[in-house]
Amino acid sequence: MTPTLRTGRLLLEAYRPEDEDEFVALFQNPLVSRWIGEGTDTEENDRALFGRIFSKVYAQGLFDVWAVRRAEGGPVIGHAEIKRTEEVGGHEIVYALAPEAWGSGLGSELARAVLGHGWDTLGLAEAYATVAEPNEGSLVLLDRLGFRWVRDIAEEDGSTTRVLVLPRPAG
């Protein structure tokens, strides 16, 4: 069961069925989706993805997936995950925020919350992130958190994905 995480300004909790429209709106926003997977997908596919969070991810306890809200509650302003992926050979953090939440440090706060869960609950020795090379905002954020470049992946479409790692902090 995905645990609830709280930071000073954010609430990360398992999605509820009534979050579907907000989830779809986040994933349909081209400013957000350009950095997720293959980019903006169809609304139908995003709704199917939301359904799979319940029917597969939560039902089978595959990995933790959170709806991100402001600490006082309200609408979904982001999405976060931590999951093992073969692409990196370890656990990868995934996060996205709606554009209205950009530029205020919430991305760092969100990433720290997910990393804290990885260190404290999952007992990870390291965490990975994969970022499209042109996504300078995420690359800067992850650099500030201490992530370091591991390698680049040449994608079929000619783009490059950066693989970054952060060892568990000592102590």
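The values are calculated or read from the model by the stated rules, or taken from the named source; none is laboratory data. In this text, all values refer to a predicted model and were calculated from it rather than measured experimentally. Note that we place each Cβ from the backbone using ideal geometry, even for glycine, and neighbour counts take in every protein chain shown.
One table, with the values for the structure above:
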{"read-out": "Residue count, segment 151-171 (criterion: in a loop (DSSP other than H, G, I, E, B) and either free of Cβ contacts under 8 Å to residues at least 24 places away in the same chain or among the hydroxyl-bearing types (S, T, Y) (or both))", "value": "7"}
{"read-out": "Close pairs from segment 135-150: first modelled with pLDDT under 95, partner in a helix (DSSP H, G or I) and of a type outside the set (D, E, K, R), Cβ under 8 Å, at least 6 apart", "value": "G137/G107; S138/G107"}
{"read-out": "Residue in segment 128-151 that is of a type in the set (S, T, Y) and under 17 Å from L12 (Cα atoms) present", "value": "no"}
{"read-out": "Residues located in segment 57-75, provided they are hydrophobic (A, V, I, L, M, F, W, C) and touching a residue at least 60 places away in the same chain (Cβ under 8 Å)", "value": "V65, W66, A71"}
